[in-house]
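The values are calculated or read from the model by the stated rules, or taken from the named source; none is laboratory data. Here the structure is a predicted model, which means the values were calculated and not measured. In this analysis, Cβ positions are derived from the backbone assuming ideal geometry, glycine residues included, and neighbour counts consider all displayed protein chains. Accessible surface is based on the protein model in full, side chains and every heavy atom, while ligands, DNA and RNA are left aside. Shrake-Rupley method; radii C 1.70, N 1.55, O 1.52, S 1.80 Å.
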Amino acid sequence: MTDFYEVLGVPRGATQDQIKKAYRALAREHHPDTGDGSDEERFKAVSQAYEVLSTPEKRARYDAGVDPSGRGSAGGPAGFGFEDILQTFFGGGGGARRGPASRAQRGGDTLIHAEVSLEDATFGVAREVTVSLADPCATCAGTCCAPGTSPKTCASCGGTGVVQRVARSLLGQVMSTGPCPACGGYGTTIEAPCTECSGQGRTNSKHTITVDIPAGVETGTRIRLASYGDAGPGGGPRGDLYVEIREKAHRAFERRGNDLHCTIELPMTAAALGTVLHVETFDGARDVDVRAGTHSGETVKLKGLGVGHLQRVGRGDLYVHLDVQTPTALTAEQEELVRKLAVLRGEERPDARLAAVNAGLFSRLREAFTGRER
Ligand SMILES: [Zn+2]
Ligand SMILES: [Zn+2]
């Protein structure tokens, strides 16, 4: 049996889109009218492969090991209809096609949630998710028929899926057409439905899928995995799987856009004298220089240590906010020293000096909260 996937150069799990694209490219290349690359044999092979793989029912049967050039292909030895090919070429809407309806329908989309830590959102993470999905029935390969049986041509409509009704009216005979009630418009009836799937062509099972969660995701971000959703009824193609992200809050780091913010409590003496702090970031410990004379509310920016940008290079920044701690519960000796310092600095009875609006703590806080928002 010919390997149709190989003929089209697509993987076995290829989506309908991939199959269509591969076919179009090859068909153009080998079409008998194109001259140079023209190769009628190749063109026929490619068309046959496409005809089988693009029809969910046929593809399911082919995947299950049924040779499509054998029984059931009334369309001649090559087994493909020229009509289908023209439709693909000229992008026919499909809706206008006459004939019976296909039992195969696209499966539904599935939405699941994945919780990620702030650290995972910063760097991205591969996450295994478990989801219950419909699969093509293993017993009937999506054909809906009990093994060894096949759909019978509908006696009422002769396989067209359509019936004509003639009604007499004052104006004479009125013809109308509609889906055949005996077969539901499919043109065939299934007398012995597959018992495994109750004639639905699919069964449910648990899937474990590894989802590549990129850096920069946040609560509400949806990752689409095309053709990872439910298999369709009647051997139809899979829908899509969506993974919606929920970001867990971090104990110490807060995210604003792709910047991270944290606060470090700094003893008053260190703020006055200056020091080097070892800050545990998501990238490991970093030395943060605190200059002598640092005020409470001052910020040190660590460039590029924030959350990775979604779908572009680079990362946000990490802002370390310094919260100067005024010492409390002084011992007698400590109090003595502080009093001495106050005397030396002439600060025993400080004046109430009003700071300028733009230089005050309130202004700095406001900047931290609004100035860096995206
Ligand atoms: Zn079945
Ligand atoms: Zn019918």
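Any chance the range 184-193 includes a residue that's away from ligand 2 (no atom under 16 Å from the Cβ) and out of contact with any Phe, Trp or Tyr (no Cβ under 6 Å at 6 or more places or on another chain)? Yes, some residue in the range 184-193 is away from ligand 2 (no atom under 16 Å from the Cβ) and out of contact with any Phe, Trp or Tyr (no Cβ under 6 Å at 6 or more places or on another chain).
Is it the case, given these coordinates, that Asp283 is out of contact with any strand residue (DSSP E or B) (no Cβ under 7 Å at 6 or more places or on another chain), surrounded by 12 or more Cβ atoms within 10 Å (Cβ to Cβ) and modelled with pLDDT of 95 or more? Against the criterion (out of contact with any strand residue (DSSP E or B) (no Cβ under 7 Å at 6 or more places or on another chain), surrounded by 12 or more Cβ atoms within 10 Å (Cβ to Cβ) and modelled with pLDDT of 95 or more), Asp283 qualifies. Every test in (1) in contact with a Cys (Cβ under 8 Å, 6 or more places away or on another chain); (2) in a strand (DSSP E or B); (3) away from ligand 2 (no atom under 13 Å from the Cβ) is passed by Gln173 save one, and that test is (1). Look at Thr275 and say whether it is surrounded by fewer than 18 Cβ atoms within 10 Å (Cβ to Cβ), touching a His at 6+ places or on another chain (Cβ under 8 Å) and at pLDDT 95 or above. The answer is no for Thr275.
From the residues in the range 187-230 that are within 16 Å of ligand 1 (Cβ to nearest atom) and open to solvent by 70 Å² or more (accessible area, probe 1.4 Å), which one is farthest from Thr143 (Cα to Cα)? Step by step, filter the range 187-230, then rank; the result is Asn204.
Is it true that Ser198 is part of a loop (DSSP other than H, G, I, E, B), farther than 25 Å from Val52 by Cβ and without any contact (Cβ under 8 Å) to a residue 40 or more places away in the chain? For Ser198, the condition - part of a loop (DSSP other than H, G, I, E, B), farther than 25 Å from Val52 by Cβ and without any contact (Cβ under 8 Å) to a residue 40 or more places away in the chain - is met.
Within the range 311-324, the set of residues being out of contact with any strand residue (DSSP E or B) (no Cβ under 7 Å at 6 or more places or on another chain) and open to solvent by less than 60 Å² (accessible area, probe 1.4 Å) comprises just one member, Gly314. Test Glu247 against the criterion of being at pLDDT 95 or above and either under 20 Å from the mean Cα position of the chain (by Cα) or at positive phi (or both), and give yes or no. Against the criterion (at pLDDT 95 or above and either under 20 Å from the mean Cα position of the chain (by Cα) or at positive phi (or both)), Glu247 qualifies. Tell me yes or no: at least one residue of the range 109-129 is within 16 Å of ligand 2 (Cβ to nearest atom), assigned to a loop (DSSP other than H, G, I, E, B), under 37 Å from the mean Cα position of the chain (by Cα) and touching a residue at least 12 places away in the same chain (Cβ under 8 Å). Looking through the range 109-129, none of the residues is within 16 Å of ligand 2 (Cβ to nearest atom), assigned to a loop (DSSP other than H, G, I, E, B), under 37 Å from the mean Cα position of the chain (by Cα) and touching a residue at least 12 places away in the same chain (Cβ under 8 Å). With a requirement of 3 or more residues that are open to solvent by 30 Å² or more (accessible area, probe 1.4 Å) and modelled with pLDDT of 85 or more, the helices (runs of 4 or more DSSP H) lying completely within the range 1-57 that satisfy it span 16-30. Identification of strands (runs of 3 or more DSSP E) wholly contained in the range 271-341 with 1 or more residues that are in contact with a Gly (Cβ under 8 Å, 6 or more places away or on another chain) yields 284-290, 318-325.
With respect to the conditions (1) over 37 Å from the mean Cα position of the chain (by Cα); (2) away from ligand 2 (no atom under 16 Å from the Cβ), Cys157 lacks only one, and its number is (2). Among the residues making up the range 299-310, those that are free of Cβ contacts under 8 Å to residues at least 40 places away in the same chain and either closer than 29 Å to Arg222 by Cα or open to solvent by 30 Å² or more (accessible area, probe 1.4 Å) (or both) are Val300, Lys301, Lys303, Gly304. Within the range 332-348, residues that are assigned by TED's automatic domain parsing to the domain that holds Thr269 reach partners that are small (Gly, Ala, Ser) and open to solvent by less than 100 Å² (accessible area, probe 1.4 Å) with beta carbons closer than 7 Å, at six or more positions or on different chains, in the pairs Glu348/Ala342. Determine whether Gly172 is touching a residue at least 40 places away in the same chain (Cβ under 8 Å), open to solvent by less than 70 Å² (accessible area, probe 1.4 Å), not hydrophobic (A, V, I, L, M, F, W, C) and not assigned by TED's automatic domain parsing to the domain that holds Leu305. Judged against the criteria, Gly172 is not a match.
Within the range 130-161, the set of residues being assigned to a loop (DSSP other than H, G, I, E, B), among the β-branched types (Val, Ile, Thr) and surrounded by fewer than 21 Cβ atoms within 10 Å (Cβ to Cβ) comprises Thr139, Thr149, Thr160.
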